[in-house]
There are 2 protein chains.
Amino acid sequence: MSSFVGIILLLIAVEIPGSFQHDRGHSKFRGPQVSQTAGTPWPMPLSYHTQATFTYVDAGEFKFTDVDESSSCSILEEAYNRYFPLIFGRRPETLFFKSSFKAPTDAMTELMVKLEKPCKDTDYPMLESDESYTLDVNGNQAMLSASEIWGVLRGLETFSQIVYQSNDGGFVVNNTQIVDKPRFNHRGMLLDTSRHFISVPILMTNLDALAQNKFNVFHWHIVDDQSFPFESSTFPNLSEQGAYDPETHVYTQTDIKNIIEYARMRGIRVVPEFDSPGHTSSWGYGQPDLLTKCYTGSQPNGQFGPVNPVPNSTYVFLKSFFTEIAQLFPDHYMHLGGDEVSFACWQSNPEITSFMKKMGYTSYSQIEEYYMQNLLNIVGGLGKGYQIWQEVIDNGAKVRADTVVEVWKAGWEAEMEKVTKLGYKTLLSTCWYLNYISYGSDWMAYYGCEPFNFNGTDAQKQLIQGGETCMWGEYVDGTNVISRLWPRASAVGERLWSAKEINSAFLAQSRLTEHRCRMVRRGFQAEPITGPGFCREEFGGV
Amino acid sequence: MSSFVGIILLLIAVEIPGSFQHDRGHSKFRGPQVSQTAGTPWPMPLSYHTQATFTYVDAGEFKFTDVDESSSCSILEEAYNRYFPLIFGRRPETLFFKSSFKAPTDAMTELMVKLEKPCKDTDYPMLESDESYTLDVNGNQAMLSASEIWGVLRGLETFSQIVYQSNDGGFVVNNTQIVDKPRFNHRGMLLDTSRHFISVPILMTNLDALAQNKFNVFHWHIVDDQSFPFESSTFPNLSEQGAYDPETHVYTQTDIKNIIEYARMRGIRVVPEFDSPGHTSSWGYGQPDLLTKCYTGSQPNGQFGPVNPVPNSTYVFLKSFFTEIAQLFPDHYMHLGGDEVSFACWQSNPEITSFMKKMGYTSYSQIEEYYMQNLLNIVGGLGKGYQIWQEVIDNGAKVRADTVVEVWKAGWEAEMEKVTKLGYKTLLSTCWYLNYISYGSDWMAYYGCEPFNFNGTDAQKQLIQGGETCMWGEYVDGTNVISRLWPRASAVGERLWSAKEINSAFLAQSRLTEHRCRMVRRGFQAEPITGPGFCREEFGGV
């Protein structure tokens, strides 16, 4: 079915009446090298059929209507409030929202929404959630159907994208039939709030952008070596001593609850990462004796290494700390890190050496495994599942059956083969490190990375849960994180949502150009990534 | 004198009482890998001496005082209004502006400003303007002296930077003696508003940023192949047909006057570039027959090449068009382009071929020279000087003695040698193409590029007027132009203002980190470019 899509797209770019066309002739709108589609969705649905026939949508009369009100809940009601301005614009003075335009009497005035499984105000999305939906627009009739609330949210986003503004100022939507569901259940983005702090409003802006690109996981790499902005209620010293500034550069418990709630309303899971035993320098300021003391000769040299895996006090702390985390974050999964553990400090420390002798360990990866195994048991004992970086598996730790292993290193094809052969659920992130910037249309490389491109059986491939795009924070903060992420991350969004066959960057670029301008119109600083051109409504004036 | 500066800087980073220190210990402010100075200026003055002794500045009482009111003008009065909030913050609720702080009775309450040469409301900066100034802070006495208004503006900026906020919430300034003047007279930035449109408010924001980095030329590459946003009063068809959108994506005559005025108030010249004969596709829509018709065999193929250099109508148009430009833009110079002329279309066109035969030309660069010579004569006849890309000289055109030749191609050392040997004023831009992005601290390479590093006599080196940093617009618009420019352009700003010996990126990085945070505090989306860390006041909350 999906193989039709490319052809249909090319057709509608020519056929849609009222859409604005770009060509190099003497028309009013001229010039960009990459043309823009009008009213096509991003990411591409599994099955998408659209016709030249279109109808006006009456912005003044339009409403969302529950087919069965008893199946609604606050998540749905808030979504209706959110999507109205996303479709029609917040500002009556919006450039192309010409109030003088009068919709015809047969214009569309409602989207019928049919939710099969009643939602509850407290529903929280899960890895196994059903995000499928169907959307049917026929003349002035439009119906969105889904089994779960999460599918309705995805369908509302799609509907908000296929409505577009024509040159006469009216909103229009083409006759369209969509049957959609994601290819992967886990479509995530990692943000690092340790190397630079990112404020709560900007995290929320990004959650909006994630929802508009059908991502469903915010992987919050909240602390690291550089700073500890998480304000723990159990161990307040951690941020008091470890944050860049304990008054301003911290996430309070309220902040975190607000972010989780904001994400939940958009069908986005928040998976917190408290990476250990490496990447923990900032923990050591507020939790003395947690880190390994490094030695020069027979004396501690004042430097600290990874978490000290030997003393019992380490595990007492971890149990207490992760009990708090397990209660604060509702997601079934937490990310426990486990990457890039440097052995140099452990090698210098006599306590570690004597413990290894006692345990009969011959390599430092064994003591790393010892630590991780204890940590995994603690977190598993709290009823939580965990996501881990690939090193934990590479070092041979035993993990829960529902563990999700995140592959991030070069040579991901061999690693995916290995991890899935061991029977673990797997995520790919290697190809999608957005912090590495380069000149030009680098989104095409992200777009072209195919998670199934490794040697493995069908059963192995079914273990691929999806992937994550990562924005590490060395050179990113509130000043540039949104423009650097978007719409480059959109390329990953389509790779993880859409069918494997939707893989031509050439065919995608006109849709991506429209999608970028749609994000700009909605207020995001989504940067131009397909070369020269313009949006009808630009960021910052016009 | 300037060789002291590095050493002094290292000292003050340790000595300043009340400043906030970063180290990796358990202090409140901890962690970033690059420390921040407090109250040091960027770019570094020619001579900068500062001591640990400091005084409070009373924000409530502070004012700027003219030593001789009769030498003042509106430029100076507006500058005072502008610099007050730049020093003390716009918002009383600013994080570190603790209103509870009470300045001591002996705090500084004024900056005396002594302007030798009275300024006039209508003064406009020139290539030859004197931007030198001295600034002396001694206890609660502070005096800024300059010969011209342009020097006062530079000194006010420096003063606004050496005042900083201490941890107790008070503003302080160290005893400081500064004797300063720029190394180069022309410190420019090129922005391209053709490949993507940049709105007037964002151009103005950038002018503020330029002033705060002591740049003095906005090289406005206003039109190019992709679009023609300049609204000409003489030839309105040019933007009517050639702009991306003639209603919204244009600069009206009023817009342009406002931008020139905004720049002038900040001591910034606006040098417009109307590049020809290449890079003119967008001109052809509104000015039929201006461009060369390309042929396939004996027939025009519907494509167009550079401006057609043959017909008299071309020069009639150019004379009329540039007469308008010469009147609209007050600067003595206009940039006439002349780069990257493709000969393929000329080669295909029989009119060109027969004209070349008639003129006895054997190469296409001769006909390019013919065109440029005519254009230069037209513009010279209007009393204007011109700035041109290096190709014009490479092709052997005869130019006015006051011509400024801009070197932009690789191999700039040999080109600078050649151009200065011919006796022309020269600008370097090759090293400073900020549109080319790469991962990490790329500012160090911009910082390290030394315009004097070519073989030439002292007389040749004196012809170097400075340089320009360029932001071409293929992947940049209002969403990302500010964060992509700043503070990467600041590296170029210091190279062009400060002494040649101020060239260690290692020594500069702590000052640049402070400067970045100062720009963030002032509301600019200046991105982090020196690795992990934080600003007391972040962009977008906190």
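Computed from the coordinates by the stated procedures, all read-outs in this text should not be read as laboratory data. Bear in mind the structure is a predicted one, so any value in this text is a computation, not a measurement. With ideal geometry, Cβ positions are generated from the backbone for all residues, glycine too; neighbour counts draw on all protein chains shown.
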- Each residue of B:241-248 has, on average, a number of other protein chain C-beta atoms within 10 Å of its C-beta equal to 6
- Query: Cα-based Rg (one decimal) and Dmax (whole number) for the stretch B:312-393, in Å?
  - Reply: 14.0, 41
- Task: Could you work out, for the stretch A:200-269, what percent of all Cα-Cα pairs fall into each 10 Å distance bin, beginning at 0 Å and stopping at the bin that holds the largest distance?
- Result: 21, 46, 27, 6
- Message: Taking only Cα atoms of the stretch B:259-312, what ratio of Rg to Rh do you get with Rh as the Kirkwood inverse-distance radius?
- Response: 1.26
- Would you mind listing the distances between the B:Asp289 label point and the same position in each other copy? Use 7 Å along Cα-to-C-beta, nm, one decimal, shortest first. 9.3
- Using the Karplus curve 6.51 cos²θ - 1.76 cosθ + 1.60 with θ = phi - 60°, work out ³J(HN,Hα) for each residue of the stretch B:505-515 in order, rounded to whole Hz, and write x for Gly and Pro. 4, 4, 6, 6, 5, 5, 5, 5, 5, 5, 4
- Item | Fraction of beta bridges assigned by DSSP in chain B that are antiparallel (%, nearest 5) | 40
- Query: In which sequence would B:Ser147, B:Ser233 go, from the one with the fewest C-beta neighbours within 10 Å to the one with the most?
  - Reply: B:Ser233, B:Ser147
- Task: Please turn the phi angles of the stretch B:50-63 into ³J(HN,Hα) values with the Karplus equation 6.51 cos²θ - 1.76 cosθ + 1.60 (θ = phi - 60°), one per residue in order, whole Hz, x for glycine and proline.
- Result: 9, 10, 5, 4, 9, 9, 6, 10, 8, 4, x, 9, 5, 8
- Taking every DSSP bridge whose two residues both lie in the protein assembly as shown, the antiparallel percent to the nearest 5 is 40
- Note on the structure: Using alpha-carbon positions, the gyration tensor of the stretch A:131-287 gives root eigenvalues a ≥ b ≥ c; with a/c under 1.5 called rounded, otherwise prolate if a/b exceeds b/c, else oblate, the class is prolate
- Put the label 7 Å from Cα along Cα→Cβ for B:Asn503; what are its distances to the other copies, in nanometres, shortest first? 5.1
- Query: Can you give the calculated 222 nm mean residue ellipticity of chain A, where each DSSP H run of n ≥ 4 adds -39,500 (n - 2.57) and the sum is split over every residue, rounded to the nearest 500 deg cm²/dmol?
  - Reply: -10000 deg cm²/dmol
- Item | Hull-based mean projected area of the protein assembly as shown, where the convex hull spans the alpha carbons, in square nanometres | 46.9
- Task: Could you run the Debye sum over the Cα atoms of chain B, one equal point scatterer each and no solvent, and tell me log10 of I(q)/I(0) at q = 0.09, 0.12, 0.13 Å⁻¹, two decimals?
- Result: -0.68, -1.13, -1.29
- Message: Give me a comma-separated list of calculated 3J(HN,Hα) values for the stretch A:233-247, in order, Karplus coefficients 6.51, -1.76, 1.60 applied at θ = phi - 60°, integers in Hz, x for any Gly or Pro.
- Response: 7, 7, 10, x, 4, 4, 7, 4, 9, x, 6, 4, 8, x, 9
- How about A:Lys214: which lysines have a C-alpha closer than 27 Å to its C-alpha, ignoring those fewer than 8 places off in the same chain? A:Lys63, A:Lys114, A:Lys117, A:Lys120, A:Lys181, A:Lys257, A:Lys384, A:Lys409, A:Lys425, A:Lys461, A:Lys500
- Message: How high is the relative contact order of chain A? Use alpha-carbon pairs under 8 Å, at least six apart in sequence, and give a whole percent.
- Response: 16
- Message: 7 Å from Cα along Cα→Cβ at both A:Ser438 and A:Asn167: what's the point-to-point distance in nm?
- Response: 4.0
- To the nearest 10 degrees, the tilt of helix B:149-162 (Cα long axis) against the first principal axis of the alpha carbons of chain B is 50
- Query: Which translational diffusion coefficient, to the nearest whole µm²/s, is obtained for the stretch B:104-155 from the Stokes-Einstein equation, given a Kirkwood hydrodynamic radius over C-alpha pairs, 20 °C and 1.002 mPa s?
  - Reply: 178
- Debye intensity ratio I(q)/I(0), log10, the stretch A:94-198, q values 0.16, 0.23 Å⁻¹ (C-alpha model): -0.84, -1.17
- Note on the structure: The answer for A:Tyr251, listing residues at least 5 apart or on another chain whose modeled amide H is closer than 5 Å to its amide H, is A:Phe230, A:Glu231
- What share of all Cα pairs of the stretch A:472-534, in percent, falls into each consecutive 10 Å distance bin? 20, 49, 27, 3
- Using the Kirkwood formula on alpha carbons, the hydrodynamic radius of the stretch A:425-474 in angstrom works out to 12.2
- Note on the structure: By the Cα gyration tensor axes a ≥ b ≥ c (a/c under 1.5 gives rounded; else a/b larger than b/c gives prolate, otherwise oblate), the shape of the stretch A:259-351 is prolate
- Note on the structure: For the stretch B:399-524, the Kirkwood Rh over every pair of distinct alpha carbons, in Å, works out to 15.7
- Hey, can you grab everything whose amide H is under 5 Å from the amide H of A:Ala142? Only 5+ residues off in sequence or another chain; H modelled, so Pro and N-termini drop out. A:Met112
- Under 5 Å from the placed amide H of B:Glu406, counting only residues 5+ away or on other chains, we find B:Ile388, B:Trp389, B:Gln390, B:Leu427
- Message: Angle check, please: helix B:253-265 long axis (alpha carbons) against the longest principal axis of chain B (alpha carbons), in degrees 0 to 90, nearest 10.
- Response: 40
- Query: Pairing the Cα long axis of helix A:412-421 with the longest principal axis of chain A, what angle in degrees results, from 0 to 90 and rounded to the nearest 10?
  - Reply: 80
- Task: Return the whole-Å distance between the Cα centroid of the stretch B:276-335 and the Cα centroid of the stretch A:32-73.
- Result: 45
- What gaps in nm, shortest first, separate A:Lys120 from its twins in the other copies when you place the label 7 Å past Cα toward the beta carbon? 8.0
- Note on the structure: Cys residues of chain A with no disulfide-compatible partner (no other Cys Cβ under 4.7 Å) are A:Cys470
